[in-house]
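A.B. asks: The structure follows.
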Amino acid sequence: MRLPFASLALVGLLLSSCSSPPVRFYTLGAPAIGSNLPASTAPESILAVDPVIIPDYLDSQDILVRDEDLLNRSANGRWASRLSRGVTDLVTAQLSRSWPSVFVTTHPSAGSPQARLVITISRLDITKSGQGTLEADWSFVPTDEHHPVVRQRASFGAQGSVATDDGTAALTRELVNQLAVKIGTSAPVM
């Protein structure tokens with residue numbers, strides 16, 4: 001049985017109208033920040049940044065917005081990498097700018113670090129009303145066992161639009177930047 005040309009055209013039109021917009025991939029901006037880093041000279045010390053630990057339900061490429069106990073996943077937006085990787089890259093880039101005399105790196109092959117930075121985010125929520133909250137603690141763990149581990153904790157908040165994935169990504173970036181600034185105001189234990 002052959003369908004008339006008009007029927008085939010109608011079916012094609014209906015199928016094309018059902019397609020969704022293309023998926024967009026977001027970063028937290030670390031590569032753009034990294035391109036503005038000062039030229040590296042022989043660093044006084046090396047700080048190794050461990051991969052940031054975030055709650056398992058957030059550590060994916062899904063962009064999530066909280067609606068009370070429900071997490072809504074974006075239909076067309078994704079993180080370009082796992083969220084923990086993006087957070088680690090952004091914090092590392094920001095700390096490199098804050099501490100130009102310290103070689104801040106996520107790569108263990110960079111040499112023998114004098115300390116490690118361990119960051120745990122216990123809460124990173126973006127609500128449907130546009131309220132963002134980040135709670136984290138971090139530790140500077142010196143390689144020399146005779147020096148104490150320095151621990152700190154802080155909470156951050158920001159408000160923004162989550163009507164689009166662009167807004168949700170910007171609000172997430174703002175919270176992570178606040179964390180990086182707070183860590184950057186403390187002196188790394190070396």
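A.B. asks: From the set of residues in region 115-141 that are touching a residue at least 40 places away in the same chain (Cβ under 8 Å) and of a type in the set (S, T, N, Q), which is farthest from I46 (Cα to Cα)?
C.D. replies: T127
A.B. asks: Could you list all residues from region 78-114 that are in contact (Cβ under 8 Å) with a residue 60 or more places away in the chain, open to solvent by 20 Å² or more (accessible area, probe 1.4 Å) and within 20 Å of I54 (Cβ to Cβ)?
C.D. replies: Answer for region 78-114, where residues must be in contact (Cβ under 8 Å) with a residue 60 or more places away in the chain, open to solvent by 20 Å² or more (accessible area, probe 1.4 Å) and within 20 Å of I54 (Cβ to Cβ): D89, Q94.
A.B. asks: In region 53-70, which residue that is under 21 Å from Q159 (Cα atoms) and without any contact (Cβ under 8 Å) to a residue 24 or more places away in the chain is least open to solvent (accessible area, probe 1.4 Å)?
C.D. replies: If we take residues in region 53-70 being under 21 Å from Q159 (Cα atoms) and without any contact (Cβ under 8 Å) to a residue 24 or more places away in the chain, then D62 is least open to solvent (accessible area, probe 1.4 Å).
A.B. asks: Further question on the same structure: Does S129 meet the test of being small (G, A, S), in contact with a Lys or Arg (Cβ under 7 Å, 6 or more places away or on another chain) and at pLDDT 95 or above? Outline the logic, then answer.
C.D. replies: Numbers: small (G, A, S): yes; in contact with a Lys or Arg (Cβ under 7 Å, 6 or more places away or on another chain): no; at pLDDT 95 or above: yes.
Here the answer is no, as S129 does not meet what is asked.
A.B. asks: Tell me which residues, restricted to region 161-190, are at pLDDT below 95 and open to solvent by 50 Å² or more (accessible area, probe 1.4 Å).
C.D. replies: T185, A187, M190, listed by residue number.
The values are calculated or read from the model by the stated rules, or taken from the named source; none is laboratory data. All of these numbers come straight from a predicted model, not from anything done at the bench. Counting neighbours? That spans all protein chains shown, and the Cβs are built from the backbone with ideal geometry, glycine included. What goes into the accessible areas is simple: the full protein's heavy atoms, side chains included, and nothing from ligands, DNA or RNA. Shrake-Rupley method; radii C 1.70, N 1.55, O 1.52, S 1.80 Å.
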